[in-house]
Structure formats: C-alpha cells, structure tokens
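All remarks here apply to the structure that follows.
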Amino acid sequence: DVKVTQSSRYLVKRTGEKVFLECVQDMDHENMFWYRQDPGLGLRLIYFSYDVKMKEKGDIPEGYSVSREKKERFSLILESASTNQTSMYLCASSPTGNWNGYTFGSGTRLTVV
Amino acid sequence: DQQVKQNSPSLSVQEGRISILNCDYTNSMFDYFLWYKKYPAEGPTFLISISSIKDKNEDGRFTVFLNKSAKHLSLHIVPSQPGDSAVYFCAASDPFRGGYQKVTFGTGTKLQVIP
C-alpha cells in the first residue's frame, strides 16, 4: 500500500561526497516535490517538478539539484555534501486537478559528517 | 519571511480534553489550507483541509476553523487521545496555477496528549 517510496530511511555521508536521494511514486502524479525538515524551521521546499524533465527552484535550492527523467521518479542530488545539509528529507507528490494536498514519503534522515 | 506561522512549538493536553492548535498566515492570496500530522521517522500525513470560501470543516474528532479577516486558522481535536501525540503542520496553498499547487508549511506544533 506504499505510494511514495524513498529509497533510504537513513544515510550517513562524508563532507564533499555527491549524494543521491531517490523517490518513486506509483500514483501517476504529475507533480513531485522535495522538502527538508529541520527543528524550528518546519518544512522548506527545495525543488519541485510539474512534468518529466521540468524542474523549478523552491525556497532553498542552493547546494542541491534534481533530476526527473521518468514521471514516477524524482531524484535529489547534493553536489558536494556539507554538514549543514544534515536533515530529514521528504519527497511528496500530487496530481494535477482534483487536488487535496500532497502525499509524502517516509523521509530520509541524512547525516553528513 | 515566514508566511505561515505556528507560534506554539509545543502543547500538552490531558486525554479526553480539547486540543487547539493555532496557525497564522500573512499571504492573503492563499486560498486553501491544510493540516498534516507527523509521527517521528514517518512522513507527514494529510489530516484535514478547508477552502478559503468556508469558515469551518469537520471530520470526526477534527475540526478546522478559518478566520480570513484575521488570517488565522485553528485545528480542534475533541476528545484528544494519546495516539494524537505527534507534530502538526499547518499549510497553505497558492491558487491553482494550471499545473500544480505550491504549498507553504508552518514550523509545526508538537502535541502531547497525556493519558
């Protein structure tokens, strides 16, 4: 019954590494989103995509990039991980039309050491 | 610039009593509001929503109230149960842009329901 799947629940990476976070949804949703959650800051939008190969910057895109080669898959890339990117990363999807909020994945807790 | 604000980071309530979670927003263009519930190590799950054309929406023990003039919404949980202990995020959506809805989230309120 899982609808938005994030490939890893926990990740530990070293400073400077290139990190890939993967997200897959099986609901045929057009829109996909990447957020990070930090204490006291809530959920902040990093990037989103409203179609295959399309991407838009969110509120905090610096240090991140994304890839959407297939409709069901949306990848978040940390080009050179830094300790301030230690966070909970949440992927979400939503349909176009008949909208009633996002469906979130379970999250990836990333620690950069 | 925090457009959606939850000024109470935490709230403790006795089981059986009412929980009231508050949220304020600044952007008058928001036209749809939602509450999400999040348990530790899980993603947020949708709880209840309200359109800007309404002032109340009810779903079982959960009721959301919207006061557009005050740019304020609240979530009432009656009666509160220990399983309601979680972080609650208020969220607001821009008008539909012909493709997607952009949602802005608040900082969250951690609710603890004491048995």
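Here B:F46 fulfils each of the conditions (1) open to solvent by 70 Å² or more (accessible area, probe 1.4 Å); (2) assigned to a strand (DSSP E or B); (3) more than 9 Å from chain A (Cβ to nearest Cβ) apart from (3).
Listed here are the residues, each with its yes/no results for (1) part of a loop (DSSP other than H, G, I, E, B); (2) within 17 Å of B:Y36 (Cβ to Cβ); (3) of a type in the set (K, R); (4) facing chain B (nearest Cβ under 9 Å).
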{"position": "A:T5", "(1), (2), (3), (4)": "no, no, no, no"}
{"position": "A:S8", "(1), (2), (3), (4)": "yes, no, no, no"}
{"position": "A:G16", "(1), (2), (3), (4)": "yes, no, no, no"}
{"position": "A:F20", "(1), (2), (3), (4)": "no, no, no, no"}
{"position": "A:V24", "(1), (2), (3), (4)": "no, no, no, no"}
{"position": "A:Q37", "(1), (2), (3), (4)": "no, yes, no, yes"}
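Inside region A:45-73, can you point out the residues that are under 20 Å from A:T111 (Cβ atoms) and more than 11 Å from the chain's Cα centre (by Cα)? Correct list: A:I60, A:E62, A:G63.
Scan B:T109, B:T63 and give me the residue that is open to solvent by less than 70 Å² (accessible area, probe 1.4 Å), under 12 Å from the mean Cα position of the chain (by Cα), more than 9 Å from every other protein chain (Cβ to nearest Cβ) and over 25 Å from A:G58 (Cα atoms).
Step by step, each of B:T109, B:T63 is checked, and only B:T63 is open to solvent by less than 70 Å² (accessible area, probe 1.4 Å), under 12 Å from the mean Cα position of the chain (by Cα), more than 9 Å from every other protein chain (Cβ to nearest Cβ) and over 25 Å from A:G58 (Cα atoms).
In region A:69-81, the condition of being surrounded by fewer than 14 Cβ atoms within 10 Å (Cβ to Cβ) and either touching a Leu at 6+ places or on another chain (Cβ under 6 Å) or part of a strand (DSSP E or B) (or both) is met by at least one residue. Give the residue that is nearest to the other protein chains (Cβ to nearest Cβ), with candidates limited to residues of region A:82-113 that are in a loop (DSSP other than H, G, I, E, B) and more than 23 Å from B:L47 (Cβ to Cβ). Per the criteria, the residue is A:T86. Restricting attention to region A:89-101 and to residues that are on the phi < 0 side of the Ramachandran plot and open to solvent by 10 Å² or more (accessible area, probe 1.4 Å), the residue that is nearest to the chain's Cα centre (by Cα) turns out to be A:P95.
Within region A:39-60, if we keep just the residues that are farther than 18 Å from B:G108 by Cα and among the charged types (D, E, K, R), the residue that is farthest from the other protein chains (Cβ to nearest Cβ) turns out to be A:K53. Remark: B:N57 falls outside the filter, which requires a residue to be within 14 Å of another protein chain (Cβ to nearest Cβ), assigned to a loop (DSSP other than H, G, I, E, B), over 24 Å from A:L90 (Cα atoms) and not aliphatic (A, V, I, L, M). For region B:9-30, a residue qualifies if it is surrounded by 16 or more Cβ atoms within 10 Å (Cβ to Cβ) and in a loop (DSSP other than H, G, I, E, B), and exactly one does: B:F30. Beta carbons closer than 6 Å, at least 6 apart along the sequence or on distinct chains, pair a first residue in region B:1-13 that is closer than 16 Å to B:I114 by Cβ with a second that is open to solvent by 70 Å² or more (accessible area, probe 1.4 Å) for B:S10/B:K110; B:S12/B:Q112.
Checking the conditions here, which among B:V103, B:V87 is crowded, with 17+ Cβ neighbours inside 10 Å, out of contact with any His (no Cβ under 7 Å at 6 or more places or on another chain), within 14 Å of chain A (Cβ to nearest Cβ) and free of Cβ contacts under 8 Å to residues at least 60 places away in the same chain?
When all the criteria are applied, what remains is B:V87.
The values are calculated or read from the model by the stated rules, or taken from the named source; none is laboratory data. Not measured: the values here are computed from a predicted model. Using ideal geometry, Cβ is built from the backbone for each residue, glycine included, and neighbour counts are taken over all protein chains shown. When the accessible area is computed, the model is the full protein with side chains, heavy atoms only, and any ligands, DNA or RNA have been set aside. Shrake-Rupley method; radii C 1.70, N 1.55, O 1.52, S 1.80 Å.
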